[in-house]
Every structure is written in structure tokens, then in C-alpha cells.
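**Student:** This is the structure I want to talk about, given as C-alpha cells.
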Amino acid sequence: MTSSVAPPVRTAGPTPEPAPARLPLPALAVAALLALPLAAVLGEAAAAPVVADPGGLVRWGILYTRVVHDLAAAVTVGLLVHAAYLVPETTRTNRRIVATRLAGIAAGLWAIAGAAGAVFTMAASIGIPLTDPSFGQQFTTFAWTYQPTRVALVTAGVAAAISLGALVATSRATMAWLSVLAVLGLLPLALAGHAAGATDHSTAVNALAVHLVGVSLWVGGLLALALLRPLLVKGNGAGPADGAADFAATAARYSTLAGWCFGAVALSGLQSALIRIGPLSDLGTRYGALLLVKTAALLLLGYAGWRHRRSLLAGLRAGRTASFVRLVVAELVVMGVAIGTAVALARSAPPVPDTPVEDASPAFALTGYPDPGPLTGDAWFTTWTTEWLWLGVALVAVGLYLTGVRRLRKRGDAWPVHRSIVWVLGWAVFVYATSGAPGVYGRVLFSMHMVMHMVVAMLVPLLLVPAAPILLALRALPSRPDKTWGPRELVLQVVHSRVLKVLANPVVAAALFFFSLAIFYYSPLFELALRTHTGHVLMMVHFLLTGYLFTWVLIGIDPGPKKWPPLMLLVVLFATMSFHAFFGVVMTGSTTLLAPEFFEVIKLPWMTDPLRDQHEAGAIAWGIGEAPTVILTLLVAVGWVRTDRAETVRKDRQADRDGDAELAAYNAHLQELKRRNEGRS
């Protein structure tokens, strides 16, 4: 078997290594049991009944089911990620199948714990014990309308679907999709807890979402590595050396993933702490003390990961696993403390109360943001509210791109400078559109919302697509020879997938670009995006992806499905822009206000005519689309010229090689036609 990790080096006198320790199931049990009492004691001491005391069963049940829920979710995510992306596989092994089946069992436990948690949460919120005769009716009536129980039921449903899929999945693609679904299943949890009621709601929810995903991948990945270790060290049938190499390769890949998770958890945790902790004296409160315990656990885990990366991987390649087992046991114990403390934090009141601002303006009540005031000329340059989610996405995208360019140049390969420039510029424009005046005023003004939409969906892709990020990734990322999906293999799977082949059809891409625009504004989705954070995030993702896809099928140079002829692309472009202009004209002349329950309620003192603002939005949709259309037309034409030039060069080279056999054959054909005509006459 080939592996991405070098085989162990043989020496003349190897030091005898004790027999590899078996799966540390006792250590895992100790870690979990350590987390449970800590969560129970600290959380029970911190929690106060919301309405009335529902009884000890409910109080303790919430804590225990939450810890089991979080651990089961983390194990599910970790096992699926290992199965799809980390564990080496050959024709003689079935490790990914075993990992996926274990994930199915863990997902089932996740679903059961989530459903039980919903029951306990409802009992605690209404202050009655489970044995109360009226509890069943109360639960069926209010469980879906109460956000914490609704979130718990949604995640339990997702976990149940993952469990069923994981118990029958056999292909790596299915496992990859299940891992994505498992990560997405964690995100609704960010809408519950303290983040849901924080004054800075969107930042708190974003930070908690990143925190949940980072912790689950980190903890779950380590637990999965421990669970799969006996299967890995057995080797693939070619000998123990291959088992050591496979285990070392898996551990190294997990170590890289854990490093990213550490950064995400640390940064999101810091952001959450800044929201909920006021002056430093608040660290002396119960919430502050729990936060310090969790911070200490995080630092210890970071040190353990650094040590693991620095010193243990070489030993694993040589088959020495005893130190690894000791370190994993220590990390799991610390993770147990961290998880228990996190549960206690979720049950504790933060020093900065999660209560709405008193006497909030209609703008704040509807959007969670204060009224930005009249839109003046200088407001385009001075208005700013940092949207940390989009800023983080932009920074990661720019950092990864420049790292790829640096890797190419380090090995002597060239990469055009202008591609790097337009990539950075595109993300800078995106950040301005989401955090600057378009993003701030776009939450309260229809016209500015349309500016933000047009910039994100049309201008930003026009800068990002020519940067050819897929081509850069395929050139810069290393390949894996052991049948696993690393970043490069994952990119190739997406590029050559049947789904992308359908989506990259210019007609389909154009339909998604235009019809989703019309459906969005003429349906309740528009108001949902204005009122809710989740709707706003999904809207931004949709704008960016559909705009990028449409631009990519027209002028993209990345590998992918076969491109249409330039003439057909121009036809699709002109047809789409015609529909787009028609949409703007219709909105400009409309007499019915869209999203009336939002714009008629918000009643900005400096905006007295919402319908007029809607007409301006239609004019913006019509006008802003013209410049990108002209640029896209020119770029498609330039691509047409280049294609013809390349085809001419190809034919000239072919003629030089075969003595212009094609032209000779054509002339012979003409001569034959001439002879036939002369014979008939």
C-alpha cells in the first residue's frame, strides 16, 4: 500500500516497544463521567428556576442529557469526518464502513438525547414536573412555538436522519454528505441559549455557531481517532509497518484539523466572552469563574495539540503508540472538564444580561440594529458595523489564496499577479458591501438593500471569478495516494460531479440567477431576511453563490464542465440581462409595497415614503446591472478571440506536423467534385 506518510525507519538495534495499548475505553468513560458530575454540580448550583421548580429529575435531566447530546453529536461528526476524509483505505480494508456504522449508532444516541432534552427544557420553562397530568398537552401545544424546544427537536430530527443514512451508507461521497449534514445539524443550536437573547444578537449567534462546529470537530475527531485506533494499527494486510504508517497518517491529518479548530474555538470564545463580560471585575462572578476554567482547559488542550504535532507524530510513524495513548487520555479528561463547564455556562446568567434594550426603536425591534440615521453623502464612507462572520470568511479566503500562491512560487511556478489583486479586491468589496453603508442601511432601506444585493451578486463575482481559485487550489494542494479525500481530491470531486455539471449549464445558472431574484423579492423570503439573522445569512450566501455560478459559466477559466461556445454564452447573457432589466422596470412602476409588514412598521423618521424608496430600488436593479453586463460581454468576446486564436495556432501546428493533410484532403475533395460535375456535363 502507498501512504502519504513515510514508512518507519529501521535501525540495527530497535528498542523493544511494549505491546500497543488497546482502545482506552476506560479512559473515555472516565472523561465522560468526569464531565457529567462537573456539569451537574456547577450547573445545578448556578441555575435558577424560570417559573417554578420542576423537580430534581428535570433539573438534573437537562444537564445530563445536554452532556450526552453534545458528546454524541461530536462523536458523530468526528467519525464521519474520519470516514470521509482522514482514514487511509485500500481494497483489503473497510475502515470507513466501520467508522460510518459507529457514527450511525452515535447519531441515534444524539437524536434520543436531543428529544429528551426538548422534553426536559419544556418542563423547566413552564415550571411543572414531568408527572403533572397537564404536561403532555402543554408540550404538544407549545413545543414547536418555544424556540429552545423547537431547536432541540430540529437537531434531533437531523440526527435521526444521519443515523439512518450512516447505517446503510457504503460510498465515500455519501459519507462526505453525511458529515456536512452533521455539521449543519449543529448550527441551529446557536439560536438557543445566551446567544439568542444577547444584545448583539448576530455576532453572538455567529460566534456560538463557529464555537460549536470547532469544538465538535475537535473533540469528536479525537474521540473518533481513539475509537478507530485498533482498526488502524492492525494494518491493511501487508504488515504492521503499514498499520503504523496508516495510523500516523490519520493522526497527522487530524492534528492539522485540530489546529484549525483550536483557532476557531479560541477566537469565537473570545468574541463571546467580550459580549457577555463587562469590566474585568465580572470575572469574579460565577459566570466569570466558569469562563476562566474553560479558558484554562482550552489552553491546556492547545499545548497538548502542539506537543502532539511536534514530538509524537514521528514516534507514531515508528510504531510507538504508548505516549500517544497517555496524551489522548489526558486530552479527553481536559475535554470532559471543558464540556462540563460549557454546560454549566449555558445554565448560568452572564454578567451582561441578555435582555432586550428598553424603549428600543422600531428599527432595533425589527432588525436588532439601531436606526443608522439619514443617508447622507458622507455616510457612504463613514458608516460601518463590522459583520464578523463575513469579515472572517473574507480573511480566510484571502489567506488561503495567498498561501497557495506562495506555495507555487516557492517551488518555482508562476502565478499571474493580477489574479491575486482581483481576488483580494473582490473580498474587500464584499466586506464593504456587508459591513459598510450598503450593509448597514440595507437592513432598513429597500434601495440600499438592492445596492448590497447587486454588489454581492454581480460586482463581487466579476472580481473573484477571474482569480481562478479552483485552478490555483488544484496546482497548489498536494494529492493523496491512499484513496482518501484530501482538499485537492474534494475539489476534484466537486468539479467533476454530476450536480455541478447540471448547475454549470448556462441556462440553469441563468435561471437560478434571475428567477431566484424575482422569487426572493416577491415572496415572504424578503421579509424573513430583513427580520431574522438566519434568513439574512442564507440570503447573503445565496446571492454570492448564484452570482458566482452565473459569472463562472460565462468567463471562468477554472477546470470544470465543458464550456459552451462564446456565441451561445452571449445569447444567454443578453437574455438574462433583459429579464433583469424587466424586473427593475416592473419594480420601478409598482404600486404595491413589498414586505409591507416590515417597511410600514419600521417608520423611519427620515424616510416617509417607502414606496418611493422601492421605486429607487427598482431603478438600482436596472441601472447597476448595466455596467457588469458590458464588462461580462467584453470578457466573453475576449475569450472568444482567444479561443479562435488558440484554435488557429493548434491547426497551424497540426499542419506543420502532417504537411497540411487536412487542406490537401479538402482540395482533393473539391477536385473530385469538379470531375464529377464535368462527367455529368
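A quick yes/no check of all residues on (1) over 23 Å from residue 423 (Cα atoms); (2) touching a Phe, Trp or Tyr at 6+ places or on another chain (Cβ under 8 Å):
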| site | (1), (2) |
| --- | --- |
| 496 | yes, no |
| 508 | yes, no |
| 513 | no, yes |
| 522 | yes, no |
| 526 | yes, yes |
| 534 | yes, no |
| 582 | yes, no |
| 590 | yes, no |
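**Student:** Being within 23 Å of residue 252 (Cα to Cα), surrounded by fewer than 24 Cβ atoms within 10 Å (Cβ to Cβ), in contact (Cβ under 8 Å) with a residue 40 or more places away in the chain and of a type in the set (Lys, Arg), is that true of even one residue in the range 84-96? I'd like the intermediate steps shown before the answer.
**Tutor:** Applying the first criterion (within 23 Å of residue 252 (Cα to Cα)) to the range 84-96 yields 84-96.
Next, from what is left, pick out any that are surrounded by fewer than 24 Cβ atoms within 10 Å (Cβ to Cβ): 85, 89-95.
Imposing the further condition that a residue be in contact (Cβ under 8 Å) with a residue 40 or more places away in the chain reduces the set to 85, 89-90, 92-93, 95.
When the remaining residues are screened for being of a type in the set (Lys, Arg), the result is 92, 95.
Yes, the conditions are met somewhere in the range 84-96.
**Student:** Continuing with the same structure: Can we say residue 399 is surrounded by fewer than 18 Cβ atoms within 10 Å (Cβ to Cβ), within 24 Å of the chain's Cα centre (by Cα) and not in a loop (DSSP other than H, G, I, E, B)?
**Tutor:** Values: surrounded by fewer than 18 Cβ atoms within 10 Å (Cβ to Cβ): yes; within 24 Å of the chain's Cα centre (by Cα): yes; not in a loop (DSSP other than H, G, I, E, B): yes.
Against the criterion (surrounded by fewer than 18 Cβ atoms within 10 Å (Cβ to Cβ), within 24 Å of the chain's Cα centre (by Cα) and not in a loop (DSSP other than H, G, I, E, B)), residue 399 qualifies.
**Student:** Condition first: touching a residue at least 60 places away in the same chain (Cβ under 8 Å), under 24 Å from the mean Cα position of the chain (by Cα) and on the phi < 0 side of the Ramachandran plot. Can you find one or more residues in the range 106-125 that meet it?
**Tutor:** Checked the range 106-125: at least one residue is touching a residue at least 60 places away in the same chain (Cβ under 8 Å), under 24 Å from the mean Cα position of the chain (by Cα) and on the phi < 0 side of the Ramachandran plot.
**Student:** Starting from residues that are over 21 Å from the mean Cα position of the chain (by Cα) and surrounded by fewer than 18 Cβ atoms within 10 Å (Cβ to Cβ), keep the ones in the range 161-174 and report whichever is farthest from residue 57 (Cα to Cα).
**Tutor:** 171
**Student:** So which of 79, 63 is under 22 Å from residue 215 (Cα atoms) and touching an Asp or Glu at 6+ places or on another chain (Cβ under 8 Å)? So that I can check it myself, show each step before the final result.
**Tutor:** Numbers: 79 fails: touching an Asp or Glu at 6+ places or on another chain (Cβ under 8 Å).
Only one candidate passes the filter, namely 63.
**Student:** Condition first: surrounded by 15 or more Cβ atoms within 10 Å (Cβ to Cβ) and either among the acidic types (Asp, Glu) or closer than 30 Å to residue 96 by Cα (or both). Now tell me which residues in the range 133-160 satisfy that. Break it down into steps so the answer makes sense when it comes.
**Tutor:** At the first step, the residues of the range 133-160 found to be surrounded by 15 or more Cβ atoms within 10 Å (Cβ to Cβ) are 135, 138-139, 143, 146, 148-156, 158-160.
Residues satisfying the conditions are 152, 153, 154, 155, 156, 158, 159, 160.
**Student:** Please tell me if residue 535 is in the same structural domain as residue 629 (by TED's automatic domain parsing), surrounded by fewer than 17 Cβ atoms within 10 Å (Cβ to Cβ), of a type in the set (Gly, Ala, Ser) and under 30 Å from the mean Cα position of the chain (by Cα).
**Tutor:** Values: in the same structural domain as residue 629 (by TED's automatic domain parsing): yes; surrounded by fewer than 17 Cβ atoms within 10 Å (Cβ to Cβ): yes; of a type in the set (Gly, Ala, Ser): yes; under 30 Å from the mean Cα position of the chain (by Cα): yes.
Yes, satisfied.
**Student:** So, in the range 568-589, exactly how many residues are among the polar types (S, T, N, Q) and surrounded by fewer than 20 Cβ atoms within 10 Å (Cβ to Cβ)? Can you show your working first?
**Tutor:** Of the residues in the range 568-589, the ones among the polar types (S, T, N, Q) are 576, 578, 588.
Remaining after also requiring surrounded by fewer than 20 Cβ atoms within 10 Å (Cβ to Cβ): 578, 588.
Residues in the range 568-589 being among the polar types (S, T, N, Q) and surrounded by fewer than 20 Cβ atoms within 10 Å (Cβ to Cβ): 2 in total.
**Student:** Any residue at all in the range 86-100 that's assigned by TED's automatic domain parsing to the domain that holds residue 233, assigned to a helix (DSSP H, G or I) and over 30 Å from residue 485 (Cα atoms)?
**Tutor:** Step one: of the range 86-100, the residues assigned by TED's automatic domain parsing to the domain that holds residue 233 are 86-100.
This time we only want the ones that are assigned to a helix (DSSP H, G or I), so: 86, 95-100.
From what's left, over 30 Å from residue 485 (Cα atoms): none.
Checking the range 86-100: not a single residue is assigned by TED's automatic domain parsing to the domain that holds residue 233, assigned to a helix (DSSP H, G or I) and over 30 Å from residue 485 (Cα atoms).
The values are calculated or read from the model by the stated rules, or taken from the named source; none is laboratory data. None of these values were measured; they are calculated from a predicted model. Note: ideal-geometry Cβ built from the backbone for every residue, glycine included; neighbour counts use all protein chains shown.
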